[in-house]
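Working notes, structure below.
Where a number appears in this text, it was derived from the coordinates with a stated rule and is not lab data. This structure is a prediction, so every number in the text was calculated from the model and none was measured. Reconstructed Cβ throughout: ideal geometry from the backbone, glycine too, with neighbour counts over all protein chains shown.
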Amino acid sequence: MWIGHVDDQPVGWWAVWPREGGVAELGYRLARRWWRQGLAVEGASAVVTEAFADPQLDVVRAETMVVNTGSRGVMRRLGMRELRTEVREWGEPLPGAELGEVISEITRQDWCRTLS
């Protein structure tokens, strides 16, 4: 997990959690005042690069709500492709939850192409 700062102020966090079968999950949160400044992509790119330093890792996945266009844009700018949408049951769903969660991923091979 990485904590991002602008000057001495924390702005958000980024993390990659290993899962089974050479897959890891990317997650991040950014304070709203720092949205739309490129920080989400910059931080996510750094942790994905670090994740793919592990030779056993082949895929990084992430998911967000269909209605979260900002996060979907971050994933697209990372080179992730949208695989599918899953509609889940939630005890206290957020607005838009009925539209589902988009699951996206990037492979090691695609990541290396993105960097070159």
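Before moving on, here are some points about what is shown:
- Principal axis dimensions, largest first and in whole angstrom, of the chain by Cα: 38, 38, 22
- Charge tally for Thr85 (other residues, Cβ to Cβ under 12 Å; Lys, Arg +1; Asp, Glu -1): -2.
- Using a Gaussian network model of the chain in which every pair of alpha carbons under 10 angstrom is joined by a spring, one finds that among Ala97, Ala51, Ala24 the greatest mean-square fluctuation is at Ala97.
- Contact order normalised by residue count of segment 2-115, Cα under 8 Å, 6+ apart, percent: 22
- The GNM of the chain, with springs linking C-alpha atoms under 10 angstrom apart, assigns the highest mean-square fluctuation among Leu57, Leu39, Leu83 to Leu83.
- Restricting the calculation to Cα atoms, every distinct pair contributes to the Kirkwood radius of segment 47-95, found to be 12.9 Å.
- Virtual paramagnetic centre 7 Å along Cα→Cβ of Ala97, amide N under 17 Å, in segment 52-73: 63-68
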